[in-house]
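Worksheet: one structure, shown below.
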Amino acid sequence: MPKKTKSAAPIPSVGADGEQPIQKATNQSIADNLSKNNPLEQNLEEMFRQMRQMNDPAYLHTISMRELYENVYQSKPAVIDGLLYAGTYLLAGAPKVGKSFFVAQLAYHVSTGLPLWNYVVHKGTVLYLALEDDYQRLQKRLYRMFDTADTENLRLAIFAKQLGAGLDEQLQKFVREHPDTKLIIIDTLQKVREASGDKYSYANDYEVITRLKQFADHNNICLLLVHHTRKQQADDKFDMISGTNGLLGAADGAFLLYKEKRTDNTAILDISGRDQQDQRFYLTKDMDRLVWQLERTETELWKPPPDPVLEKVAALVTRDMSWSGTATELVTELGLDLKPNTLTMRLNVNAGRLFNEYNIKYENSRSHSGRKITLTLVSSQA
């Protein structure tokens with residue numbers, strides 16, 4: 001019989017809003033990959049063989065497609081569902097087009113958890129480096145936009161060090177002191193770039209974004225970099241981003257804010273990303289509050305069709321709060337016409353969807369007694 005465990009209340013979250021990252025299920029060492037039934041001599045021989053491989057300068061580590069499916073990879077948490085996720089993004093636009101008002105709006109909504117244009121926002125601490133402003137201008141801008149509805153979760157700074165000259169340490173220290181940080185905005189990227197002879201080369205642009213991306217990925221947060229566009233028009237609007245293609249090539253995505261006429265109070269926001277659907281928003285600025293309102297979108301967000309297997313898993317875990325056992329036991333419990341290894345691979349690939357759509361944390365771990373699946377219902381309001 002499968003081993004079922006029930007809990008009296010949802011498992012508390014480690015984050016500010018229950019958006020826990022789904023951890024990779026197996027932290028496998030070389031020894032973990034060896035069968036427990038092998039004699040000790042065979043295990044040691046295999047360990048030494050793999051160690052020799054990794055020390056070979058010509059060694060190239062590869063995994064098979066099957067091994068790929070056997071792993072559970074971390075799902076990037078959403079900051080704003082359908083719009084902004086953990087990773088590194090550019091926000092580009094011409095000077096005075098309204099970029100700073102837009103990022104202030106993003107910062108406020110994430111720091112308060114209030115929906116943005118009916119999109120779900122996941123609350124957390126926000127650091128806004130307004131490096132082209134002073135505190136007086138920030139005060140007037142935020143007061144006009146949000147009146148006296150203030151928040152402690154929005155932290156503001158008008159000075160910061162440059163990359164390679166202390167910024168890395170400043171950002172890391174901030175995240176340590178505010179572990180619920182969801183979003184860091186740098187306005188503008190140019191203010192933190194270190195001076196170098198090949199400052200505008202593809203290699204330098206790519207290296208700058210890669211360095212910032214490593215920080216964002218390591219801390220599982222969103223880093224939004226405000227940047228400018230150049231005057232020259234292009235068939236692909238994203239080619240108007242100032243600098244080389246190295247900036248966009250290294251980033252996880254980009255927002256492009258532009259107007260047909262500078263005097264218009266309307267603008268277009270194009271969004272493109274590695275792991276999200278391209279979108280176009282038509283915006284209108286509320287001239288009283290100076291916030292951007294969404295008038296319409298060009299396309300509806302694509303949603304994956306219902307998966308009957310995931311729905312059965314969700315029904316089981318929602319009823320019992322948690323479930324633990326082997327893949328064979330889970331197949332029997334759900335009454336599925338699937339091979340156990342097929343179910344395991346299917347759940348491995350859809351671990352992020354289980355968490356995001358059903359608030360179910362999925363783990364697939366290996367022990368001496370074999371592989372075990374653990375499914376846990378987590379609180380969506382923690």
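The values are calculated or read from the model by the stated rules, or taken from the named source; none is laboratory data. Model, not experiment: these values are computed from the prediction. We place every Cβ from the backbone using ideal geometry, glycine too, and count neighbours over all the protein chains shown.
Kindly indicate which of V175, V103, V110, V126 is assigned to a strand (DSSP E or B), buried (at least 18 other Cβ atoms within 10 Å of the Cβ), within 21 Å of the chain's Cα centre (by Cα) and on the phi < 0 side of the Ramachandran plot. Testing whether each residue is assigned to a strand (DSSP E or B), buried (at least 18 other Cβ atoms within 10 Å of the Cβ), within 21 Å of the chain's Cα centre (by Cα) and on the phi < 0 side of the Ramachandran plot leaves just V126. Taken together, L167, L154 contain a single residue that is within 22 Å of the chain's Cα centre (by Cα), within 12 Å of L223 (Cβ to Cβ), in the same structural domain as E207 (by TED's automatic domain parsing) and buried (at least 18 other Cβ atoms within 10 Å of the Cβ), which is L167. Selection of the range 129-155 for residues being part of a strand (DSSP E or B) and touching an Asp or Glu at 6+ places or on another chain (Cβ under 9 Å) yields L129, A130. So is H109 free of Cβ contacts under 8 Å to residues at least 40 places away in the same chain and in contact with a strand residue (DSSP E or B) (Cβ under 7 Å, 6 or more places away or on another chain) or not? Answer is yes for this residue. For the range 296-310, the set of residues classified as surrounded by 12 or more Cβ atoms within 10 Å (Cβ to Cβ) and either touching a His at 6+ places or on another chain (Cβ under 9 Å) or at pLDDT 90 or above (or both) consists of T297, D307, V309, L310, listed by residue number. Listed by first and then second residue, the pairs linking a residue in the range 199-217 that is over 16 Å from P77 (Cα atoms) to a residue that is assigned to a helix (DSSP H, G or I) and among the polar types (S, T, N, Q), with Cβ atoms under 7 Å apart and 6 or more places separating them unless they lie on different chains, are Y202/N245. The number of residues in the range 160-186 that are at pLDDT below 95 and among the polar types (S, T, N, Q) comes to 1. The residues on offer are R346, R353, and the sole one that is outside the structural domain of V120 (by TED's automatic domain parsing), under 21 Å from K76 (Cβ atoms), modelled with pLDDT under 90 and among the basic types (K, R) is R353.
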